[in-house]
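First up is the structure itself, then whatever we jot down about it.
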Amino acid sequence: MNSLIYYYTGTGNSLWASRFIADALKGTRIEHMKSYSQVPGKAIKAIGFVFPVHMWGIPRPVVEFLTKFTRDLKAELKTGTEKKSDRYYFACALNAGEVAESLVQLDRILSGIGAKLSLGVSLAMPSNYIPWGGPGPEESLQVIYKKAREKLDRFCENIKIQESSPPEKGSLKEKLLYSGIIYTLAFPQIHGMDKNFTVDSSCTSCGICERICPASNISLEEGKPVWHSHCEQCMACIQWCPTQSIQYGEKTRAYPRYHHPEIRVSNMYMR
Ligand SMILES: Cc1cc2nc3c(=O)[nH]c(=O)nc-3n(C[C@H](O)[C@H](O)[C@H](O)COP(=O)(O)O)c2cc1C
Ligand code: SF4
Ligand code: SF4
């Protein structure tokens with residue numbers, strides 16, 4: 001299938017899922033949402049979006065990508081003969097158990113410009129939100145990965161037959177309280193949340209945090225990372241630091257770090 005997957009990731013789960021889907025579909029290319037420049041040509045018959053759920057909704061940088069993508073798609077539809085996009089759109093929202101309204105949110109954005117999210121699935125993966133703790137014991141992680149592979153197998157088969165069904169969503173509580181209120185309140189605050197990051201004396205000045213940050217929010221000054229208040233809260237810097245020198249508040253000192261075991265740090269470099 002001639003298709004393209006746009007992905008965003010902090011700790012590699014979404015990159016791993018994108019690669020998994022691309023391998024199963026054949027003829028599928030993957031591209032980081034930050035590298036987006038234009039809507040792909042008509043030869044691309046299916047487009048996928050793979051991203052983590054952040055605060056019960058679509059992460060801020062994914063919203064920014066979607067704003068550009070849908071603006072360009074709308075312009076393309078205006079100049080062309082079609083009024084609706086006839087491509088097949090699918091999405092996979094990775095989360096730690098609460099997908100909430102993320103996929104409904106995506107469906108709403110796409111339908112606003114005459115495209116339809118045909119298939120949107122939630123994929124439970126280990127949590128990378130380290131301020132709330134580690135990802136859990138190794139045995140539980142293996143169970144999660146096994147279930148995720150099985151679900152992705154079914155997802156890929158459904159994409160191949162261009163199945164259409166309503167996007168998966170969470171409970172009414174998740175919708176009203178978490179997506180409806182907390183997501184909306186937290187969204188404008190995200191950039192400044194990096195004030196909670198600190199670095200300790202074990203930092204080796206390796207520069208990984210600076211290279212890995214998708215928001216170019218970190219620079220090394222006198223060999224130590226400095227955060228510049230346009231954070232996306234992806235947790236890449238704290239999770240990938242090889243010496244665990246970065247903390248978020250005090251509690252993270254005691255929590256194990258997490259990234260997807262099949263993704264290497266070099267796969268994550270943004271610069
Ligand atoms: C800032 C932030 C907020 C998160 N919010 C949620 C959430 O609302 N619901 C949920 O189930 N998981 C949440 N998570 C967990 C991630 O969605 C999950 O671990 C995902 O697999 C990470 O994917 P990645 O490695 O591609 O970044 C959050 C993680 C972060 C960093
Ligand atoms: S990744 Fe860790 S060790 Fe490397 S520069 Fe950043 S804080 Fe220091
Ligand atoms: S500063 Fe850290 S958490 Fe914030 S966007 Fe950059 S890598 Fe992600």
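What the table below lists for this structure:
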| read-out | value |
| --- | --- |
| Region 107-192: GluC sites (Glu not before Pro) falling in loop per DSSP and having at most 14 other Cβ within 10 Å | GLU163 |
| Net length gained if the chain between ALA24 and SER202 were fully extended (0.36 nm per residue, minus Cα distance) | 59.9 nm |
| Long pairs among LYS26/LYS84; LYS146/LYS169; LYS34/LYS84; LYS78/LYS173, criterion Cα-Cα beyond 32 Å | LYS78/LYS173 |
| Amide proton proximity set for ILE30, modelled H, under 5 Å, gap of 5+ | ILE5 |
| Helical mean residue ellipticity (222 nm; -39500 (n - 2.57) per DSSP H run of 4+; nearest 500) of the chain | -9000 deg cm²/dmol |
| Three principal axis lengths of region 65-156 [C-alpha, angstrom, descending] | 54, 30, 16 |
| Within-13-Å neighbourhood charge of GLY133 [Cβ basis; K, R +1; D, E -1] | +3 |
| Convex hull per residue volume in Å³, alpha carbons only, for the chain | 129 Å³ |
| Net charge over other residues, Cβ less than 14 angstrom from the Cβ of CYS209 (K, R count +1; D, E count -1) | -1 |
| Of SER85, VAL62, PRO242, farthest towards positive along the dipole that unit charges on Lys, Arg, Asp, Glu beta carbons give the chain | SER85 |
| Shape of region 190-268, Cα gyration tensor, a/c cut at 1.5 | rounded |
| Magnitude of the charge dipole, the chain, Cβ model with Lys/Arg +1 and Asp/Glu -1, debye to 20 | 700 debye |
| Directionally averaged shadow of region 1-150, computed from the convex hull of its alpha-carbon atoms, nm² | 8.7 nm² |
| Using alpha-carbon coordinates, inclination of helix 138-160 to the longest axis of the chain, degrees | 20 degrees |
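FYI, it's all coordinate maths here, none of it is from the lab. Computed from a prediction, not measured in an experiment: that's the story for all the values here. A quick note on method: Cβ atoms are made from the backbone with ideal geometry, for glycine too, and the neighbour counts reach across all protein chains shown.
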